[in-house]
Amino acid sequence: MGLLLSGCASQTTDNQTTAVSQINEKTTVSKIVHDERFESYGQFIFPIERGYDESLTINHIDSLLPYHSHINTQTTIDVLNYMTDYHDSIFYDIYTDEEKSADPSKENTGPMSLS
């Protein structure tokens, strides 16, 4: 599942979460994935399970979405910034820790909602 997130951004490194203050066309996918506001679901915002260039910016996001056309960078930025405002009510974990322990395929399962 993939969704799509101006100003100054915080620095991040591998396995470190930091909030990006405002997302713009130069914000990297890596900064969004590791943004502390998306802690439980940052890895689901973009289709990155097959890997990606950590320097990839939002204005080049189309390389992650080869089956999509007419990707509007500003719309992507608007949606991602909206998500930073309402991050607590976007991803819903539907399995208990016990269920995930019994079946690891349930670890990264749950619906996302922007309404």
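Just so you know, in segment 85-104 the residues that are modelled with pLDDT under 85 and part of a helix (DSSP H, G or I) include one that is surrounded by the most Cβ atoms within 10 Å (Cβ to Cβ), and it is H87.
Let's see how each residue does on (1) in contact with a helix residue (DSSP H, G or I) (Cβ under 6 Å, 6 or more places away or on another chain); (2) in a helix (DSSP H, G or I); (3) surrounded by 14 or more Cβ atoms within 10 Å (Cβ to Cβ); (4) at pLDDT below 90:
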{"site": "Y67", "(1), (2), (3), (4)": "no, no, no, yes"}
{"site": "T75", "(1), (2), (3), (4)": "no, yes, no, no"}
{"site": "D78", "(1), (2), (3), (4)": "no, yes, yes, no"}
{"site": "M83", "(1), (2), (3), (4)": "no, yes, yes, yes"}
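Cβ-Cβ distances below 7 Å connect the following pairs, each with a first residue in segment 34-50 that is assigned to a loop (DSSP other than H, G, I, E, B), a second residue that is buried (at least 19 other Cβ atoms within 10 Å of the Cβ) and among the small types (G, A, S), and a separation of six or more residues or different chains: H34/G42; D35/G42.
The values are calculated or read from the model by the stated rules, or taken from the named source; none is laboratory data. Since this is a predicted model, take the numbers as computed values, not measurements. As a convention, Cβ positions derive from the backbone with ideal geometry for all residues, glycine included, and neighbour counts pool all protein chains shown.
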